[in-house]
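The values are calculated or read from the model by the stated rules, or taken from the named source; none is laboratory data. For clarity, every value in this text was computed on a predicted model and none was experimentally measured. We place every Cβ from the backbone using ideal geometry, glycine too, and count neighbours over all the protein chains shown.
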Amino acid sequence: MTAMPINSPSPSAIVLDPVVHAANLSALQYVDGVLNMDGLALDVLAERFGTPCYVYSADAMTAAYREYTDSFASVPHQICYAVKANSNLAILHLLAQLGAGFDIVTGGELARVLAAGADPSRVVFSGLGKQPADIARALAAGIACFNVESEAELARIDRVAGEIGKRAPISLRVNPDVDAKTHPYISTGLKENKFGISHQDALRVYQQAASLPNLDVVGIDCHIGSQLLDAQPFADALAKVVELIEALVQIGIHLQHIDLGGGLGVRYIDEQPVSVAQFAEYLLPTLKRLDMKLYLEPGRSLVANAGVLLTRVDILKPSAHKNFAVVDAAMNDMIRPALYQAEMGVIPTRLTDDAQPAKTWDIVGAICETGDFLAKNRVLSLAADDVLAITGAGAYGFVMASNYNSRPRACEVLIQDGTAHLIRARETVESLWQLEHIIK
Ligand code: LLP
């Protein structure tokens, strides 16, 4: 038998100390070499619920939410969780019970938050293609505000409100042309991005809004991007929004609230994002001077590090050039690495003394695409059947999953009060063609 070649780590290999990595993410800790979430062993949960499986911590989400409310306690505020980050009903219900409002972008998300028990008066409706039927439903429910992204949308909301005899509270989403210094696909506040109304058009569009019969002009909104690590771009955007607020006062338009969007980044590998408390410290002096209610729309920073994706190593495929570990999760379960070249943590759920020597592995799925990878160049000691945890998976994980290759979507589990609850069952293969018809 010839010895397997052991690849030397490539210069870009990521070596994560699993214990240190877990310690940096509030929900995870190793207890006697076993990775726990809130006191429950993750490899036991993998056995019980099967893999791939998303597992979330209610405690970590609660702590992240409270960090926002504590940090902004000195100004009137409403935290509106961006539903797109993770829209499972159990999670929406948990956050609604904590007092969260919600930032929605579709009629589907409106229906979800209402089904989860949200208070509609704490819901803001963002998104650049709101449909008339969804606008009508949101008006009937009595949401707090529509964040309007274009003149055509303004006219549409006014018309729908008139048709059903309601007044629509609106904000304009202003595009402040600020570089958020994040991945181009998740940067939204530059003038070349499709979002918002440009800073120079904003005054004119506000005047137009104020002249429409069925609208109440109540606020101003911006969202400049996602996974921002510094507070400076937020401060730059705030400065531009404040300029507009002051100019609006000059023309007799007095707003009640300012919505600074979401976007605060999280630690995936070794990023050092500004903390919520530091972010607040940075913005509070200006916000206090304004004397307006603050809305924030965080998504990722409330849920990303409260979740992991558990996956089992299926086949190890070492070679002279590259070592591949084929796992049972794939790009259909977690598309962030393929879509944004996102680096996410991958750590073992059990540290053993008799571990294999570490090698540099690409962690890949079994889908027929070269883009199907979950991580590249990770130094890990792996054996078939090991269960790995992909960290930072609580946000933009399950919600972006697909059925590509007819793969049923994974199950979701929430740990709450020390118990693991199945909050979404694994899909069955048969359910995948339930809406399809054979032409006879
Ligand atoms: N508000 C608006 C209007 C947004 O468009 C977004 C995110 C948020 C709030 C929440 O931003 P967060 O706090 O989560 O950064 N799928 C990508 C992220 C896309 C974010 C899109 N907009 C990813 O996996 O990185």
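Structure notes:
- Test for A209: is it in a helix (DSSP H, G or I) and within 16 Å of the ligand (Cβ to nearest atom): no
- Among residues of segment 392-409 being at negative phi and away from the ligand (no atom under 14 Å from the Cβ), the one that is nearest to the chain's Cα centre (by Cα) is R409.
- If only residues of segment 216-230 that are crowded, with 17+ Cβ neighbours inside 10 Å and more than 14 Å from the ligand (Cβ to nearest atom) are counted, the one that is farthest from R289 (Cα to Cα) is V217.
- Among the residues making up segment 288-332, those that are within 22 Å of V364 (Cβ to Cβ), among the small types (G, A, S) and either within 16 Å of the ligand (Cβ to nearest atom) or touching a helix residue (DSSP H, G or I) at 6+ places or on another chain (Cβ under 8 Å) (or both) are G307, A329, A330.
- Entry remark, segment 152-178: residues being more than 16 Å from the ligand (Cβ to nearest atom) and out of contact with any Lys or Arg (no Cβ under 9 Å at 6 or more places or on another chain) number 13 in total.
- Residues of segment 111-137 satisfying the condition of being crowded, with 24+ Cβ neighbours inside 10 Å, aliphatic (A, V, I, L, M) and within 25 Å of G225 (Cβ to Cβ): V113, V123, V124
- Members of segment 252-287 found to be more than 16 Å from the ligand (Cβ to nearest atom), over 23 Å from T188 (Cβ atoms) and part of a loop (DSSP other than H, G, I, E, B), listed by number: G252, I253, H254, Q256, D270
- Candidates D70, D43 - the one that is among the acidic types (D, E) and within 26 Å of C145 (Cβ to Cβ): D70
- P337 surrounded by fewer than 24 Cβ atoms within 10 Å (Cβ to Cβ), of a type outside the set (A, V, I, L, M, F, W, C) and either within 11 Å of the ligand (Cβ to nearest atom) or within 20 Å of the chain's Cα centre (by Cα) (or both): yes
- Filter pass, V75 being modelled with pLDDT of 95 or more, among the β-branched types (V, I, T) and more than 30 Å from L290 (Cβ to Cβ): no
- Any chance R137 is in contact with a Lys or Arg (Cβ under 9 Å, 6 or more places away or on another chain), without any contact (Cβ under 8 Å) to a residue 40 or more places away in the chain and over 30 Å from E343 (Cβ atoms): no
- Put simply, of S198, S226 the only residue that is within 30 Å of A420 (Cβ to Cβ) and among the polar types (S, T, N, Q) is S226.
- Positions within segment 40-98 being crowded, with 21+ Cβ neighbours inside 10 Å, outside any helix (DSSP H, G or I) and of a type in the set (A, V, I, L, M, F, W, C), in sequence order: C53, V55, F72, I79, C80, A82
- For segment 233-251, residues that are more than 16 Å from the ligand (Cβ to nearest atom) and in contact (Cβ under 8 Å) with a residue 12 or more places away in the chain total 10.
- Test result for D103, crowded, with 19+ Cβ neighbours inside 10 Å, of a type in the set (D, E) and in the same structural domain as R173 (by the TED database): yes
- Considering residues of segment 361-392 that are in contact with a strand residue (DSSP E or B) (Cβ under 8 Å, 6 or more places away or on another chain), among the charged types (D, E, K, R) and farther than 19 Å from N305 by Cβ only, the residue surrounded by the fewest Cβ atoms within 10 Å (Cβ to Cβ): D385
- In segment 17-39, residue surrounded by the most Cβ atoms within 10 Å (Cβ to Cβ) [restricted to those that are in a helix (DSSP H, G or I) and free of Cβ contacts under 8 Å to residues at least 12 places away in the same chain]: A23
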